[in-house]
């Protein structure tokens, strides 16, 4: 075979392989970008929800500060009804 013919075949095969690999790489990159977009949306949702949770906790903390004495009274009322009973020990007999 002629050397130039061998070079032409090599370049055709190498070009085809490079094009196929480039197309596959582009498809993979498109898929990765879609996944990254979804991850970004999820993180935005998580950030929003965490801010709402932080605000809720802040409100609860303020209510406890304002109405803390009411809570203490409620606990003392409940504690008065639910006093623990003392257990008496039963005498055990030694049987030998």
Restricting the search to the stretch 2-22, which residues are assigned to a helix (DSSP H, G or I) and either exposed (fewer than 10 other Cβ atoms within 10 Å of the Cβ) or touching a residue at least 40 places away in the same chain (Cβ under 8 Å) (or both)? 3, 4, 5
Residues in the stretch 8-19: is at least one within 21 Å of the chain's Cα centre (by Cα) and modelled with pLDDT of 95 or more? no
In this structure, is residue 70 exposed (fewer than 10 other Cβ atoms within 10 Å of the Cβ) and at pLDDT below 85? no
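The values are calculated or read from the model by the stated rules, or taken from the named source; none is laboratory data. Source: prediction; values computed, not measured. Cβ atoms come from the backbone with ideal geometry, glycine included; neighbour counts cover every protein chain shown.
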